[in-house]
Amino acid sequence: MPENPNETKLVNFAMANGTRRKIINFLADSHKSTREIGEIIGEATLDFHLRILQQAGLIELDKEVVKLSEYGKNFLKSKTEKIEEKIVDFSQAKPIEIASIRQVLPCIADSSRLRVSANMTPPLGGVLKLLEPLFPRSNYSDRKDSLIIQKGEIITTIYGSGKVSIRMVKNEAEAKEELERLKNIINEAIAKGEAPALREKVKVDLMEIYKHLPQTNCGKCGEQGCYSFAIKLMARQTALEMCTPLKEPEYASNQENLQVLVDYI
Ligand code: SF4
């Protein structure tokens, strides 16, 4: 493991990105060709991601062949062990209740909508990650220990600590209705005592990001157009705030959606 803080920074930066984590996991069993990796993550940013992983010392590149370095293998092993430790036995999970709604505020992106905070008791802790397959449009983040669930425009984030936040609801009644719906789905799975079957995770991809941008190609972000901006966002080479038109009221829900997607790149 690197002891030099600069090296640690490189590793943290490399592994903060979903695409690069995907590459590392893909290499877990054996070495792969750059073509095989390109088929999985796309060719557009392949060189960029491989270079970052190589700089962090996680992979070795020999012509067209990519493999985990010794350090990369140890890193992956330690991460897998940590994740296994975090997950509790699903059959021990207890049914949840929604504790009182704590806060109702206007949404930052669209002041005509509300964001609501509540609590789930008992906290779901390690079980939270296992609930992801219950919801067709959802994504679990290890980094934040949170599950984001999207239903139409409503975006709900459940944290392992029990905190729940709902954004883009029309009123408190709609928030309560959504909380009740989520509670019933989760409790039904808990009552069965079995973790839901895994499904293919919804991945954030380039076109999904592009779809939510204004698509005016105005260039205010310093890029040639929205597609170039989307590529830079995917590579974490720019920030969402650089697209200033997103702050206009007509793009409020686009910005809200992009904010969620960008968190999971
Ligand atoms: S500022 Fe936004 S709308 Fe304008 S080109 Fe960049 S991404 Fe597209």
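Remark: Glu208 matches the filter, which requires a residue to be within 16 Å of the ligand (Cβ to nearest atom), open to solvent by less than 40 Å² (accessible area, probe 1.4 Å) and under 30 Å from Val127 (Cβ atoms).
Residues that are of a type outside the set (Val, Ile, Thr) and either without any contact (Cβ under 8 Å) to a residue 12 or more places away in the chain or assigned to a loop (DSSP other than H, G, I, E, B) (or both) within segment 144-176 comprise Lys144, Asp145, Gly152, Glu153, Gly160, Ser161, Gly162, Lys170, Asn171, Ala173, listed in sequence order. Just one of the listed residues (Ile185, Ile166, Ile190) is closer than 16 Å to Glu132 by Cβ, of a type outside the set (D, E, K, R) and buried (at least 17 other Cβ atoms within 10 Å of the Cβ), namely Ile190. The single condition among (1) modelled with pLDDT of 90 or more; (2) under 22 Å from Ile166 (Cα atoms); (3) part of a loop (DSSP other than H, G, I, E, B) that Asn184 does not satisfy is (3).
Among the residues making up segment 3-24, those that are open to solvent by 50 Å² or more (accessible area, probe 1.4 Å) and either modelled with pLDDT of 85 or more or in contact with a Gly (Cβ under 9 Å, 6 or more places away or on another chain) (or both) are Glu7, Leu10.
One residue stands out in segment 212-265 among those that are exposed (fewer than 14 other Cβ atoms within 10 Å of the Cβ) and part of a helix (DSSP H, G or I): the one that is nearest to the ligand (Cβ to nearest atom), namely Thr244.
For the residues Ile98, Ile52, the requirement of being part of a helix (DSSP H, G or I) and either at pLDDT 80 or above or open to solvent by 90 Å² or more (accessible area, probe 1.4 Å) (or both) singles out Ile52.
The values are calculated or read from the model by the stated rules, or taken from the named source; none is laboratory data. Keep in mind that what you see is a predicted model, and the values were worked out from it rather than measured. Here the Cβ is made from the backbone with ideal geometry for all residues, glycine too, and neighbour counts use every protein chain on show. These area figures cover heavy atoms from the full protein model, side chains too; ligands, DNA and RNA do not enter into them. Shrake-Rupley method; radii C 1.70, N 1.55, O 1.52, S 1.80 Å.
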